[in-house]
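Just below is one structure, and these are the notes that go with it.
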Amino acid sequence: MPFHGPHVPPQELPLEPVRPRLLTPTFLLVALATLAYFIADGVLIPTVPRYVKGPLGGGNVAVGIVVGAFSLSALVLRPWAGRLSDRRGRRLLMLAGASVFAFSVIGYLAAESVTAMVVMRVLTGAGEALFFVGAASAISDLAPDERRGEALSFFSLALYAGIGVGPILGEAAIDGTNFSLAWVTAAAIAVIAVLLGLLVPDTRPSGSSTPTQGANRLVHRAAIVPGTVLLTALVGMSGFFAFVPLYVTELGLAGSRLVFVMFSVVVILIRSFGARIPDRMGAASSSRAALASSAAGLLVVGAWNQAAGLYLGTIVFGIGIALATPALMSLAIGSAPASERGWVIGTFTAFIDLGFGLGPVALGIVAAAVGYGGTFLTGAGAAAAGLLLLLARSSSGRTAR
């Protein structure tokens, strides 16, 4: 008779930890409001420059001033908007921002001079500062700490999708010269963002209070290094967007459309299927990888002056840009209390406006002096400087411990 030993229950397999839920109804509401807002914003991308050069009779300088007025007011207001969101809540900023945006774009109907258009664009930039800081702060509030990078990646997809769809609607709306329809379309879509924002509850962490330390400062220290590092990446990105359309002619290519399609596809793939990368690698490690990839991509574009170099460099550069903002924003937010989250985001996002404002001007001077290849190499050098700054920050942190 066979011997049966004592019964040993099968070893229980360890259960995987349940990941905190991310895509809640409130998260989706904020994302949908952001999508609507940036579709409205995207309508203006192709229409405002054509309006200035066409009906208003302005030249290239006037176009630059009108377009740049948006970034100027956004840059100035973002840090203040961050402090306001910590005091009064995120929904207030989303509602006020989308409302100011809609009001300013309706004002384009009456803007019959470059000066009037500049005034309206300043208001549009103010709306941008309020809405984006409010929405980004709400998303950060809603994201579990271990999934914050993933949340910010998904959030940015709404932004990119909006900017992708908006220009199509804008060009269809003007249909040659009917700019009034474009302005009304953008304002109406912004009103949809307002209506969605009305459904968003207060997302500030329970029990959080307005910080008293540094109450008179608009700039949050936790965002300075991550924001400066992001600036170094965006300098190269702004130069890439400004000068690739001209550079391709030197390479004998018919146009730059394929380059920008490749760039967009890489960013969307990383921000969607690779959304967990910043959380799995850690904010610091993924930030360093982002800057290294950005620098390497621009180095390839600038040093390998052939179509293959441009395409390969674009892919590598796109990977870096896709990782940079979620990783660096997570790094900044993780270094401050929850009660100061809006303040951090307001300071951090101001560096975005600074990068896109200074980058084309600075690299335009470089392009005039040494050509487009030197421009991309300069952008690579800026990203490499950001990487060195991150390494120095990490080294000083270990020394302090």
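Under 8 Å between Cβ atoms, at least 6 apart or on separate chains: pull out the pairs that start in the range 263-283 with a residue that is of a type in the set (Ser, Thr, Tyr) and end on any residue that is surrounded by fewer than 22 Cβ atoms within 10 Å (Cβ to Cβ).
Pairs that qualify, where the first residue is of a type in the set (Ser, Thr, Tyr) and the partner is surrounded by fewer than 22 Cβ atoms within 10 Å (Cβ to Cβ), are Ser264/Tyr160; Ser264/Gly164; Ser272/Phe154; Ser272/Leu157.
How many residues, within the range 102-126, are touching a residue at least 24 places away in the same chain (Cβ under 8 Å), buried (at least 23 other Cβ atoms within 10 Å of the Cβ), out of contact with any Asp or Glu (no Cβ under 9 Å at 6 or more places or on another chain) and of a type outside the set (A, V, I, L, M)?
Qualifying residue count, the range 102-126: 2.
Just checking, does the range 305-314 include any residue being among the small types (Gly, Ala, Ser), more than 21 Å from Leu389 (Cβ to Cβ) and open to solvent by less than 20 Å² (accessible area, probe 1.4 Å)?
Scanning the range 305-314 turns up at least one residue that is among the small types (Gly, Ala, Ser), more than 21 Å from Leu389 (Cβ to Cβ) and open to solvent by less than 20 Å² (accessible area, probe 1.4 Å).
This table checks each residue for (1) at pLDDT 85 or above; (2) closer than 30 Å to Ser394 by Cα.
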residue: Leu231; (1), (2): yes, yes
residue: Met237; (1), (2): yes, yes
residue: Leu251; (1), (2): yes, no
residue: Gly255; (1), (2): no, no
residue: Phe260; (1), (2): no, no
residue: Phe263; (1), (2): yes, yes
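Check whether at least one residue in the range 40-49 is more than 16 Å from Val191 (Cβ to Cβ), assigned to a helix (DSSP H, G or I) and of a type in the set (Asp, Glu), and report yes or no.
Scanning the range 40-49 turns up no residue that is more than 16 Å from Val191 (Cβ to Cβ), assigned to a helix (DSSP H, G or I) and of a type in the set (Asp, Glu).
Conditions: (1) open to solvent by 10 Å² or more (accessible area, probe 1.4 Å); (2) at pLDDT 75 or above; (3) over 24 Å from the mean Cα position of the chain (by Cα). Tyr247 meets all but one. Number of the miss?
(1)
Any idea how many residues of the range 71-101 are of a type in the set (Val, Ile, Thr) and either in contact with a His (Cβ under 9 Å, 6 or more places away or on another chain) or open to solvent by less than 70 Å² (accessible area, probe 1.4 Å) (or both)?
1
Just the residues that are within 23 Å of Ile224 (Cβ to Cβ) and among the small types (Gly, Ala, Ser), please, taken from the range 344-379.
Scanning the range 344-379 gives Gly346, Ala350, Gly355, Gly357, Gly359, Ala362, Gly379.
Give me a count of the residues in the range 165-186 that are open to solvent by 10 Å² or more (accessible area, probe 1.4 Å) and at pLDDT 90 or above.
Result for the range 165-186: 4.
Tell me, please, whether a residue that is outside any helix (DSSP H, G or I) and either surrounded by 20 or more Cβ atoms within 10 Å (Cβ to Cβ) or on the phi < 0 side of the Ramachandran plot (or both) can be found in the range 131-151.
For the range 131-151, residues outside any helix (DSSP H, G or I) and either surrounded by 20 or more Cβ atoms within 10 Å (Cβ to Cβ) or on the phi < 0 side of the Ramachandran plot (or both): present.
Name the single residue that is farthest from Val248 (Cα to Cα) among those in the range 377-388 being open to solvent by 20 Å² or more (accessible area, probe 1.4 Å) and not hydrophobic (A, V, I, L, M, F, W, C).
Per the criteria, the residue is Gly381.
For Ile277, work out the one condition from (1) more than 20 Å from Gly355 (Cβ to Cβ); (2) surrounded by fewer than 20 Cβ atoms within 10 Å (Cβ to Cβ) it doesn't fulfil.
Unmet for Ile277, out of (1) more than 20 Å from Gly355 (Cβ to Cβ); (2) surrounded by fewer than 20 Cβ atoms within 10 Å (Cβ to Cβ): (2).
Looking at the range 339-364 only, could you name the residues that are more than 21 Å from Ser156 (Cα to Cα), surrounded by fewer than 24 Cβ atoms within 10 Å (Cβ to Cβ) and aliphatic (A, V, I, L, M)?
Those that are more than 21 Å from Ser156 (Cα to Cα), surrounded by fewer than 24 Cβ atoms within 10 Å (Cβ to Cβ) and aliphatic (A, V, I, L, M): Leu358, Val361, Ala362.
Would you confirm whether or not the range 45-64 contains a residue that is closer than 25 Å to Phe155 by Cβ and either touching a strand residue (DSSP E or B) at 6+ places or on another chain (Cβ under 9 Å) or open to solvent by 50 Å² or more (accessible area, probe 1.4 Å) (or both)?
Among the residues of the range 45-64, at least one is closer than 25 Å to Phe155 by Cβ and either touching a strand residue (DSSP E or B) at 6+ places or on another chain (Cβ under 9 Å) or open to solvent by 50 Å² or more (accessible area, probe 1.4 Å) (or both), which makes the answer yes.
Given the condition within 18 Å of the chain's Cα centre (by Cα) and surrounded by fewer than 22 Cβ atoms within 10 Å (Cβ to Cβ), answer yes or no: does some residue in the range 365-376 qualify?
Among the residues of the range 365-376, not one is within 18 Å of the chain's Cα centre (by Cα) and surrounded by fewer than 22 Cβ atoms within 10 Å (Cβ to Cβ), which makes the answer no.
Tally the residues that are among the charged types (D, E, K, R) and open to solvent by 30 Å² or more (accessible area, probe 1.4 Å), restricting the search to the range 250-274. Give the steps one after another, and end with the answer.
Step one: filter the range 250-274 for residues among the charged types (D, E, K, R), giving 250, 257, 271.
Still in the list and also open to solvent by 30 Å² or more (accessible area, probe 1.4 Å): 250, 257.
The qualifying residues number 2.
The values are calculated or read from the model by the stated rules, or taken from the named source; none is laboratory data. In this text, all values refer to a predicted model and were calculated from it rather than measured experimentally. Cβ sites come from the backbone with ideal geometry, for glycine too, and all protein chains shown count toward neighbours. Please note that ligands, DNA and RNA were not included when accessible areas were found on the heavy atoms of the full protein model with its side chains. Shrake-Rupley method; radii C 1.70, N 1.55, O 1.52, S 1.80 Å.
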